[in-house]
Each structure stands twice: as C-alpha cells, then as structure tokens.
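Chemist: Encoded as structure tokens, here's the structure I'll be asking about.
Just so you know, all these numbers are worked out from the coordinates, no wet-lab data involved. Note that this is a predicted model, so its numbers are computed, not measured. Quick reminder, even Gly has a Cβ in these numbers, built from the backbone with ideal geometry, and neighbours come from all protein chains shown.
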Amino acid sequence: MTANIQEMRMAHKLLARMDYELGKVEKGYTNRTLYINLSDNTIKSKPVTEQMKEIFVGGRGFGLWLLWNAVTGNTKWNDPENEIIISTGPIGGITQYPGAGKSLVVSLSPCGSVMDSNVGGHFGPLLKFAGWDAIEVQGKAENDVIVYIDGNKGYVTIEEAPKEDVDSHLLVEQLTDMYADSEEDKRNIAIVSAGRGAENTLIGMLNFSFYDVKRGVPRLKQAGRGGIGTVFRDKKIKALVVKYAGVKGDSNGPADKQKLINAGIKLHKEIHDLDKLQNRMREVGTAHLTEIMNDYDLLPVMNYKYGSHPDAVKLHSEVFKKYFTQGMPDGCWHGCSMACAKAVDNFTLKTGPYKGQKVCVDAAEYETIAGLGSNCGIFDPEYVIEANFYCDTYGLDTISTGTLIAFIMECYEAGILNKEITGGLDLRFGNAEAAMELIHQMGNGVGFGKIAGLGVHRMKKIFVEEYGADPNFVQDIGMELKGLEYSEYVSKESLAQQGGYALTNKGPQHDEAWLIFMDMVNKQIPTFEDKAEALFYFPMFRTWFGLNGLCKLPWNDIEPADNATTDEPAKVPEHVQNYIDLFNGVTGKNITKEELILQSERVYNFQRIFNLKMGYGTREYDIPPYRSMGPVTVEEYESRAERYDNQLKEIGYDIEGMSTEEKVKALRKYREDQYQKLCDAVYKRRGWTSNGVPTLETVKRLGIDFPDVVELISKHQ
Amino acid sequence: MIKVNKEAMEYKEGITVQDVLNEKKYTFRLITVVVNGKIVPRDEYSSYKINDGDNIDVIHIMSGG
C-alpha cells in the first residue's frame, strides 16, 4: 500500500460493523440477503424464503421483490426509502459456462420508473460467495461512505471515506490497492462505484470492476441504464467493496456439477471453432455490429434521422480492432471464452482533467460507438474512445449521453438552441470538440452541461418553456420513453422493434427484444399475431438471463453449426437446452423450457404492476416518439422516398401530385394506427387489459396475486 | 424475376448466391441461405447458381448488441 493510500485509509471513520457466520452456497443460493441502511447505519441479515426463490428466482426478481416491500407509490428516487439492490442469481458465479457472472441492479430511477440494469464484472458472484444472495442499500449517509464486505473473515463495515477520488478509474485503483493484501490478492476484490457525473446529472451509471490479472489493472463494466448511479451518489455512497478469495468450480454449490461441465464443454468448443467465422466476439466484441447496422440501414445517424452514412466506415470494427489489444483473456467473469470485453491500452487522453495521461480504456461497445459516434454525426474513433473513457470515469451512461447529445444537436441545427444558450458551444452534428466539452460540462455540472445532464425527457419541457420550441417537434424527435433515452438502433421500418422498444418495462433498451432482422429482413413475423407472439416469447426468454446472473451474448452471438436446420433457429434451441441444464444442474430442480418462460412471466408481470404502483404501467406510457416509427421531417422522408412511396401505394394511396409534407402526414397516420393495433395484439397475448394492465386472471395463473397486487390492479380491470 | 426474402429482384443470368447477398448488402455472418426450401452450405455461396423464378430466403439470426 502506498503512502497516499495509507493516508486515505487512515482517514476512514468506522460508522458500523457487523460480524457474520460464513455460510455456504447451496444449489446457487446463500439463502440470506444483506440489508444496509445508511441513515441509521443498520447492517443486518434477512432470510431468503422458499417463496422468494420459487416466484422471483433471483437477480432482478429478488431486486424487484425487496424494492416493492421498501417503497410506497409516492416514494421518489431521491427519497431515503428508495433502495439500490444488487443480486446475481442462482446460476451466477459458475465457472464452467461462458457469461455466468452478471449482476442485476434494481432501484427507482430518476426517469420515474422501476429500473433494472445488468452488468458484468465480479461483484455479484463474489458477493454471493461472501455469503449474500443480494445487497440492499436504503437510506442516505451524511458524508461519503464505503461499504466493505470481507467474505473470508465474515464482516461488513460502513466507513466514512473522505479522501478517495470519486472518478471511477482512480477510485477503483485506490480501493483495490487499499483492500488487497498483496498483488495476488487484487483479483479477489470487486468494487461498485460511480463518478462525478453521477452527482451532477440524472443519467449516472454504476461501474462494476474486475481485476485484469494480465494487464495488472482493474477494469470496468457498466450497469449503464436508468440513472442508478445518480441514486448511488445521492445516497453518498462512494463505493461498495467485496473481497472474497477462493473461487472454485463448485463455489456455487451445484446439485449436479457434471451438467454444468457438459454444457460448458459444448459451448467452449463452439466458440473456439466458430466465433471467427461468425461474429468475431473474441477479436472485436460487440463492435462487429457497426458495419452490419450501417449496411442494413439501421445505424442511428444524426439523432436517428438516417440509418447509414458514407463516413461510418471510419467506425467499423476493423478500425477499432487496431486499437483493441488482441490475444488477451477478455472475459468479465471466470470461464467466459466469448471474452468480448475489449480494451484499448496506453491511450493518451487529449482533453479534460486527465489530459496527457495514458490510460486503459474499456472501449468500445457497439452502443457507445453508435451513440457517441454516428448518432451525433461524429465518425472519429479516437473521439469515441476518449468520450467512452470520460463517461466511464465520470459515471455517465454512454447510451443516454449519446442520444441526448444527438437530440441537442438537432435542436441546435433547427434553431431552437444557439451559442448564447449553449454558452458558446457550437453543437452542430459532427462537432466532436464541442461534444467532448459538453461531456466535461455534464461531468462537472457546469454550463450547458447542467441542462444536458437532465436527460431528453426534462430537456423537452425546458426547450418548450424557456426557448420557445414547438412542443410537437421536440416530442417527435426527442428519443426517450418512460424517461429513458433510446438505445442505438433505428426502429423506423420495423413495427415489431417499435414495440420491442416501447412495450418494455424499463423503457427503450433493447435487452427485452431485438426483432429487427426477424421482422424487417427475414420477414418472418408478418401478422400482428406473429409480432405479438415474438413480443411475448423473446422478452420473457431474455428476462430469464436477469433472474439467473447470465449474459445474453453466449445465447445468440454464437450459434451451433447446424442451428439453421432446427425448427426455430431464432431461438437457438440447443442453447436454450444448455440453459435448462445449467439451471437444473445448479438447483437440482427439473424445469422445462416452458417453465423457464413461466419463471420470467412472473417477474415480468410483477415489474409491470410495480410500474403501475409508481404511477406508470398503462397504455399512455407505451406510446413512443414518432421518430422511432417513421419520418418526422421532409428530409427524412426523401432520404427513403422509394420505400415510403411504395408503402403508401400498397395501402391504397394515389401519391401522384401529393407533396412530401402530405405524404409524411399520410404515412404517419397509417403507422400510428398500425402501432395501436400492435399494442392491442401484444396486450392480449401477454394477458393484459386493453389499457396494458395484467388481468386478475393472469396474476392468479402466475401466482403473484398477493393482496396488495390484487388491490392495485383491481382498480384497473 | 427471383424472390429474396419475399421481395422481387431482377434475375441476371449466371448470378450466384454470393451475388445476391452482395446486391442486397446482406453482410451479416450469422445467416442461412435457403433456395427453394433447400439449405445452401456456406462454402457454396460463390458457386451455387440461381435460376430464374427461384425463391430465396436469407435467414438472419437475431443478435443485437
């Protein structure tokens, strides 16, 4: 420990300590959760009941159940009653199968809704092996604190920690150094942190660390969506730290380890043999998507106006590959051979408080490249890497940052904003320098950054009330729903994906459904009923990963060689069977693929009802901004004139003599009507009323007919 | 005329599966090509000749980031 770190440690003031019996993980569970209240420094253990496991499974499910019991319908995100809950899930922590180290974070979001966010790194599994299925943090501290969990000695502390930095890349290094007994011990430490930007904006995210042994540095993965980092800093949490040494292949206490081994061997071989022919995740991670989205006209360009750009070639994966250090074991949990967490080493920063320093940047995922890059009309890979670094260390969600800057840029070019309002920033599309300066302002809570950091939803109101913007225009182009900024795909030509984004619990994040190819390219779901079935199955299937501590990428970013010959190749049936084997192998249960969906249905519907409790969760909140559904402006229409003209002709319009404005209006009427019909079909398939509320029959069937649930939804039947 | 993913496309004498993929800019790697109900192996894309009137499905597996 260096002198500087010692000084930081000496400045800690112990506020509370709880010693606990070290337990054992049995069949994926420790059967207890850790509750912490920062207002009165309570630390206590709560039991996990069989009902919790049966109905909520783990991960997101546990988070939702614990939060439901902690808040009322009037609780706001910055009330002390709000909680942050982190949990992995019964399968989380196994080492035999790729992608089994995820944590799920649940909280009331500054967006207004009940938020869940998933993240890699080591925290969730090490928390479990330290003795806890979840950590639940309520209340607010008076001064910055660190919560430290020692999973080998069996104690938890709350300590005031005034001297450590707040920015994650420094904080995580300091705390890893502080709590490790040796260089070798560093791999046993995992940290949750945010950054200065999470204090100064509503789009703060959480960084979850894992120690990269080969590089000798801590690395960061992100629970990006939904502003939970802002909640974290509002509670004056500087960091959560867990230390556990001794991870082994049976640390998760599986009932039948051989099932895990068998499934793992199959997938490792598949990745080894086929990844380089398929998505090249081991070489470039999700960055492989940039050129594909550009080719298919799905890459967001200039606030989702367009789907491709000639300069997008500068952001292709072959460009980023030159920055990613190759041949490194880039998995974010043990045993992941998909190894897609790429990094740029020795990157010299050109701007900001760390200008001139060489850093390791956890960059770049597709969402960040598209969000900070093409969506802002910026096609400079080094800008993307630097912006990625600062978003990470400041604790800013790169998706929300990119989408909100894109919105600002369009408003600037439309004359709603000007240099007087932006404090001199020339925020036209493509101006990387101005965008970078805006990120620093957001991080520091100064200048126009204070307004930008509020997010698109709040900016719409401000731009109307204070700068005279046309409310219809900003509503149409402001790509947010339920308070959450859209992630980075152009859904305009895919009705199924419009629903995939808008009919979500948390808001327009693509983790529930990514149906663009199935709908737009393969044309496999032509009817409303087909789309409704897809918008039932895939959100339910994908929810399951978040109950169990799993990453979705090994499900369908690699496929078996014979997958095309199966009945339903989109589901990747062999991998579904792998997941069933993993669950049964860990828990000793004997679920089927139907029961897998049922597990998700329970939690999914519960989350929908939770949103209802918080004042959302009905049809009016499922209606997206028109930019996600079709061309708002004449220039957008004309960029795809042939496609749109053909559609108007197909639906019976004689477009001869129609102006483009008239065609925009006609197409809009048709598409908005189509979307309403989609809602009808989806609600019916999901077992909801025509207003989007789960029916009494549905909640009874699922076994979530708790008295307070029934009382709430009865008013909406 | 041929059909590719249910859309009409002009037929050119001698075109192969790969030519069709290039024309449609179907660059995604996780695809399966089915011509008249029969799967075409990946290593035959450059040699498999398409006939006038053929019905081609290029199935993309979903992915997404």
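Chemist: In whole Å, what are the Cα extents of segment A:433-529 along the three principal axes, biggest one first?
Modeler: The Cα atoms of segment A:433-529 stretch 49, 27, 25 Å along the principal axes, largest first.
Chemist: Below 22 Å Cα-Cα, how many Lys pairs turn up in segment A:202-286? Only count pairs eight or more apart in sequence, or on different chains, if you could.
Modeler: Lysine pairs satisfying the spacing and distance rule in segment A:202-286 number 14.
Chemist: While we're on this one: Using the Kirkwood formula over every pair of different C-alpha atoms, what hydrodynamic radius in Å results for segment A:495-714?
Modeler: 19.3 Å
Chemist: A further question on this structure: For the residues A:Cys376, A:Cys551, what sequence is obtained by ranking on other C-beta atoms within 10 Å, fewest first?
Modeler: A:Cys551, A:Cys376
Chemist: Quick check on chain A: helices-only [θ] at 222 nm, where DSSP H runs of length 4 and up contribute -39,500 (n - 2.57) each and the sum goes over total residues. Nearest 500, please.
Modeler: Per the formula, -12000 deg cm²/dmol.
Chemist: Write down the Kirkwood hydrodynamic radius of segment A:59-141, to one decimal in angstroms, obtained as one divided by the mean of 1/r over all alpha carbon pairs.
Modeler: After inverting the pairwise mean of 1/r, the radius is 13.1 Å.
Chemist: Moving on. Taking Cα centroids, how far is chain B from segment A:85-123 in Å?
Modeler: 40 Å
Chemist: Suppose R0 equals 56 Å. What FRET efficiency, 1/(1 + (r/R0)^6) with r the Cβ-Cβ distance, do B:Lys49 and A:Glu661 give to the nearest 0.05?
Modeler: 0.75
Chemist: Ok, one more. Averaged over its residues, how many other protein chain Cβ atoms are within 10 Å of peptide A:504-516's Cβ atoms?
Modeler: Average neighbour count from other chains, rounded to a whole number: 1.
Chemist: Assuming a ≥ b ≥ c are the square roots of the Cα gyration tensor eigenvalues, decide whether segment A:505-547 counts as rounded (a/c under 1.5), prolate (otherwise, with a/b larger than b/c) or oblate.
Modeler: prolate
Chemist: Taking 51 Å as R0, compute the FRET efficiency from the Cβ-Cβ separation of A:Glu635 and B:Gln18 and round it to 0.05.
Modeler: Computed FRET efficiency for A:Glu635 and B:Gln18: 0.90.
Chemist: Using the beta-carbon distance between A:Lys461 and A:Lys715 and R0 = 45 Å, what value does 1/(1 + (r/R0)^6) give for FRET efficiency, to the nearest 0.05?
Modeler: For R0 = 45 Å, the calculated efficiency reads 0.95.
Chemist: Exactly which trypsin sites (Lys or Arg not before Pro) in segment A:391-458 are in a DSSP loop and have at most 16 other Cβ atoms within 10 Å?
Modeler: Qualifying residues, ordered by number: A:Arg428.
Chemist: Hey, another quick one. Working from the alpha-carbon coordinates of the protein assembly as shown, get Rg over Rh, Rh being the Kirkwood radius.
Modeler: Reported Rg/Rh (Cα atoms, Kirkwood Rh): 0.95.
Chemist: Using θ = phi - 60° and the Karplus relation 6.51 cos²θ - 1.76 cosθ + 1.60, list the HN-Hα couplings for segment A:373-386 in order, rounded to whole Hz, with x at every Gly or Pro.
Modeler: 3J(HN,Hα) across segment A:373-386, in whole Hz: x, 4, 5, 9, x, 10, 10, 10, x, 6, 4, 4, 5, 5.
Chemist: Pulled fully out, how much extra length does the chain show between A:Asp256 and A:Gln6, if you take 0.36 nm times their separation in residues and subtract their Cα-Cα distance?
Modeler: Between A:Asp256 and A:Gln6, full extension yields an extra 85.5 nm.
Chemist: Rounded, prolate or oblate: pick one for segment B:2-56, where a ≥ b ≥ c are the square roots of the eigenvalues of its C-alpha gyration tensor, a/c under 1.5 means rounded, and failing that, prolate if a/b is larger than b/c, else oblate.
Modeler: rounded
Chemist: Show which lysines lie in cross-link reach of A:Lys669 when reach means a straight Cα distance below 16 angstrom and same-chain residues fewer than eight apart are skipped.
Modeler: A:Lys492, A:Lys649, A:Lys677
Chemist: Amide H neighbours of B:Thr16 under 5 Å, counting only residues 5+ apart in sequence or on other chains, H built in-plane at 1.01 Å?
Modeler: Excluding prolines and chain starts, which carry no amide H, the hits are B:Ile50.
Chemist: Let me make sure I get this right: for segment A:1-119, a, b and c are the square roots of the gyration tensor eigenvalues over alpha carbons, sorted descending. Under 1.5 in a/c it's rounded, otherwise prolate if a/b > b/c, else oblate. Which is it?
Modeler: Here segment A:1-119 falls in the oblate category.
Chemist: For a quick check: with amide H placed at 1.01 Å from N, whose amide H comes under 5 Å from A:Thr42's, ignoring anything fewer than 5 positions away on the same chain?
Modeler: Under 5 Å from the amide H of A:Thr42 lie the amide H atoms of A:Asn37, each far enough along the sequence or on another chain.
Chemist: Taking GluC sites (Glu not before Pro) as candidate sites, keep only those in a DSSP loop with at most 11 other Cβ atoms within 10 Å, then name the longest stretch of chain B containing none of them.
Modeler: B:14-65
Chemist: Between A:Asn74 and A:Lys46, what is the spin-label point distance in nm, taking each point 7 Å from the Cα along the Cα→C-beta axis?
Modeler: Modelled inter-label distance: 2.2 nm.
Chemist: If each residue's Cβ is checked for other Cβ atoms within 10 Å, how do A:Lys355, A:Lys235, A:Lys276, A:Lys128 rank with the fewest at the top?
Modeler: Fewest-to-most ranking of A:Lys355, A:Lys235, A:Lys276, A:Lys128: A:Lys355, A:Lys276, A:Lys235, A:Lys128.
Chemist: Turning to a different aspect of this structure: Just the Cα atoms of segment A:3-243, one point each, no solvent: what log10 I(q)/I(0) does Debye give at q = 0.07, 0.10, 0.16 Å⁻¹?
Modeler: -0.19, -0.40, -1.13
Chemist: Related question: Using Cβ counts within 10 Å as a stand-in for footprinting exposure, how do A:Thr201, A:Thr592 rank, fewest first?
Modeler: So the ranking, lowest neighbour count to highest, is A:Thr592, A:Thr201.
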